[in-house]
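One structure, as structure tokens, below. Some questions next.
The values are calculated or read from the model by the stated rules, or taken from the named source; none is laboratory data. These figures come from a predicted structure and were not determined experimentally. Note that each Cβ is placed from the backbone with ideal geometry, even for glycine, and that neighbours are counted across all protein chains shown. In case anyone asks, the SASA skips ligands and DNA or RNA and just uses the protein heavy atoms, side chains included. Shrake-Rupley method; radii C 1.70, N 1.55, O 1.52, S 1.80 Å.
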Amino acid sequence: GKAIIFTGDMEGRTHLYALDLAARTTTALTSGDWDVASESGTASVRVVRGTKQVFFVSTQKNPYERQVYRVPEGGGPVVQMTTLPGVHLPYVSPDGSKIAVIRSDDVTPRDLYVVDSTGAAAERRLTTSPPKEFVSYPWARPRYVTFKSHVDGTLLHGRLIEPPDLDRV
């Protein structure tokens, strides 16, 4: 009841901010050349009262992934919670000790993982959804590219999916 934590695009990137209700001041909790994000739509942010930690998803590792991070609710160092490549959708336990994560990547369907919120260990896979036939199929692995717009120089990111028999000559 003392502050509101929200995401905002106040300096060109989407980051976490705290609005102190008594002082009516806003403080940036995160900053940098990355965004607080989500798998799609609104950013996933969870504040755990007991630990005074804010859990969120961002593009800090790289613009092609969505990893889970935590930061103290008053600001401070941002700590990466997940490490496997791909997109992570977190569900933080009520006491903040564990994070259930639905994870997928470009060639792997969603599965459930769990990670200790202290960051002491990597994600542990709990489910294996795809059948063996799916895993053995030679899926096209996308290639990620970054380039500047010829119009205004803005840095753009893209994902290319090429056929396996592409002749690059």
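Within region 148-169, which residues are closer than 30 Å to V78 by Cα and exposed (fewer than 10 other Cβ atoms within 10 Å of the Cβ)?
G153, T154
Restricted to region 122-169, and to residues that are farther than 30 Å from I99 by Cα and among the basic types (K, R), which residue is farthest from the chain's Cα centre (by Cα)?
Residue satisfying both the conditions and the ranking: R168.
Among the candidates T51, T82, T59, single out the residue that is at negative phi, in contact (Cβ under 8 Å) with a residue 24 or more places away in the chain and open to solvent by 50 Å² or more (accessible area, probe 1.4 Å).
T51
R103 is checked against (1) under 22 Å from G8 (Cβ atoms); (2) assigned to a strand (DSSP E or B) and fails just one. What number does that condition carry?
(1)
Residues of region 93-113 being closer than 26 Å to P63 by Cβ, more than 15 Å from the chain's Cα centre (by Cα) and open to solvent by less than 40 Å² (accessible area, probe 1.4 Å), which ones?
Passing the criteria: V107, T108, D111.
Scan region 17-34 residue by residue and report those that are in contact with a strand residue (DSSP E or B) (Cβ under 7 Å, 6 or more places away or on another chain) and closer than 30 Å to P63 by Cα.
Y17, A18, L19, T26, T27, A28, L29, T30, S31, W34
Six or more apart or on different chains, Cβ atoms under 8 Å: show the pairs whose first residue is in region 114-127 and under 12 Å from Y69 (Cα atoms) and in contact (Cβ under 8 Å) with a residue 12 or more places away in the chain and whose second is aliphatic (A, V, I, L, M) and open to solvent by 40 Å² or more (accessible area, probe 1.4 Å).
Filtered contacts from region 114-127: V115/A121; V115/A122; G119/V79.
Inside region 1-90, counting only strands (runs of 3 or more DSSP E) that do not spill past its ends, which hold 2 or more residues that are farther than 28 Å from L155 by Cα and of a type in the set (S, T, Y)?
Those strands (runs of 3 or more DSSP E) span 25-28.
Sticking with this one: Using the structure shown, decide if H157 is in a strand (DSSP E or B) and either touching a residue at least 24 places away in the same chain (Cβ under 8 Å) or more than 19 Å from I5 (Cβ to Cβ) (or both).
Yes.
Another question, then. Which of the residues belonging to region 120-136 are touching a strand residue (DSSP E or B) at 6+ places or on another chain (Cβ under 6 Å) and either part of a helix (DSSP H, G or I) or open to solvent by 40 Å² or more (accessible area, probe 1.4 Å) (or both)?
R124, R125, L126, T127, S129
With the requirement that a residue be open to solvent by 90 Å² or more (accessible area, probe 1.4 Å) and either in a loop (DSSP other than H, G, I, E, B) or not basic (K, R) (or both), what does region 137-147 give you?
Across region 137-147, the qualifying residues are Y137, P138, W139, R141, F147.
Before we move on, is V87 free of Cβ contacts under 8 Å to residues at least 60 places away in the same chain and farther than 19 Å from R110 by Cα?
No, not satisfied.
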